[in-house]
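Novice: What follows is a single structure, and I will ask about it in a moment.
The values are calculated or read from the model by the stated rules, or taken from the named source; none is laboratory data. The structure displayed is predicted, hence computed values, not measured ones. Here the Cβ is made from the backbone with ideal geometry for all residues, glycine too, and neighbour counts use every protein chain on show. Ligands, DNA and RNA are excluded from the accessible area calculation, which covers all protein heavy atoms including side chains. Shrake-Rupley method; radii C 1.70, N 1.55, O 1.52, S 1.80 Å.
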Amino acid sequence: GVSVQPNMPFPDWALITRPYAEVPFVLVTDKPDYNSLGDIPYGLTIGTALASLGERVFATSVAQRPEDQRWKRLPYADFELMTTRMREDKLAAMILWQPSLLQLAEKVPDVADLRIIAMDPVPQANVLVGALISTRNTFLRTQVDNAIAELSADGTIDQILADLGILGSAAE
């Protein structure tokens with residue numbers, strides 16, 4: 001799957017299908033006292049996935065708050081390092097795409113004890129996921145779009161996501 005965001009550039013050879021899933025960015029912490037971003041004291045640093053939709057939504061939302069009601073943001077391309085910095089208390093929490101958290105848990109065993117907490121008061125960032133098909137295959141794209149619609153309507157996509165441990169749902 002690929003991210004299907006508005007104005008996303010795709011190569012000339014590719015068509016994008018309709019989105020089949022909507023998967024969130026999550027706020028993760030190892031601190032037991034935090035149940036949402038709102039519980040984290042202002043001025044503390046939140047790690048973010050570098051150049052991601054989750055980072056853009058967080059940065060934009062925080063920038064609109066009064067200066068004394070802001071968290072700091074530190075972007076990371078390396079999620080293992082971001083997790084290490086959180087464990088060292090250099091980050092209060094971290095924002096990353098939930099499937100990335102699942103992949104991280106496969107490599108770093110102690111990630112399993114991290115908790116996903118609410119993003120409030122920052123809006124939830126969700127990635128729409130679709131597929132690329134060659135521009136030569138417009139018939140195939142129509143067939144795939146129809147199949148996605150049927151699999152969404154009958155709950156199959158939601159079940160597949162749940163079976164894989166992926167938060168989110170079939171795209172509307």
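Novice: Among the lysines, which have Cα under 26 Å from the Cα of Lys72 when same-chain residues fewer than 8 positions away are ignored?
Specialist: Lys31, Lys90
Novice: Sticking with the crude label model, points 7 Å out along Cα→Cβ, report the distance from Ala118 to Ala14 in nm, one decimal please.
Specialist: My value for the distance between the label points is 3.6 nm.
Novice: A follow-up question, please. Rounded to two decimals, what is the ratio between the C-alpha radius of gyration of segment 103-172 and 2.2 N^0.38 Å?
Specialist: For segment 103-172, the normalised Cα radius of gyration is 1.49.
Novice: While we're on this one: Over the chain, what percent of the accessible surface lies on carbon and sulfur atoms, probe 1.4 Å?
Specialist: Here carbon and sulfur together make up 53 percent of the probe-accessible area.
Novice: Taking semi-axes √(5λ) of the Cα gyration tensor in Å straight from the coordinates, which label in (1) 31, 17, 12; (2) 33, 18, 15; (3) 24, 21, 13 is the correct one?
Specialist: (2)
Novice: Averaged per residue, what accessible surface does segment 88-172 expose to a 1.4 Å probe, in Å²?
Specialist: Here the residues of segment 88-172 average 58 Å² of exposed surface.
Novice: Arranged from highest to lowest average of other beta-carbon atoms within 10 Å per residue, in what order do the peptides 18-30, 56-68 appear?
Specialist: By packing density, highest mean first, the sequence is 18-30, 56-68.
Novice: Can I ask one more? Between segment 1-55 and segment 98-172, what is the separation of their alpha carbon centroids in Å?
Specialist: Answer, in whole Å: 12.
Novice: Per 0.36 nm of contour for each residue apart, how much would the distance between Arg87 and Glu106 grow if the chain were fully extended, relative to their Cα-Cα spacing?
Specialist: 5.1 nm
Novice: Return, ordered by residue number, the residues of segment 5-37 whose backbone nitrogen is under 18 Å from a label point located 7 Å along Cα→Cβ of Ala149.
Specialist: Inside the label zone: 16-21.
Novice: Starting from the Cα-Cα distance between Arg136 and Ser36, subtract it from 0.36 nm times their residue separation and give me the gain in nm to one decimal.
Specialist: 31.3 nm
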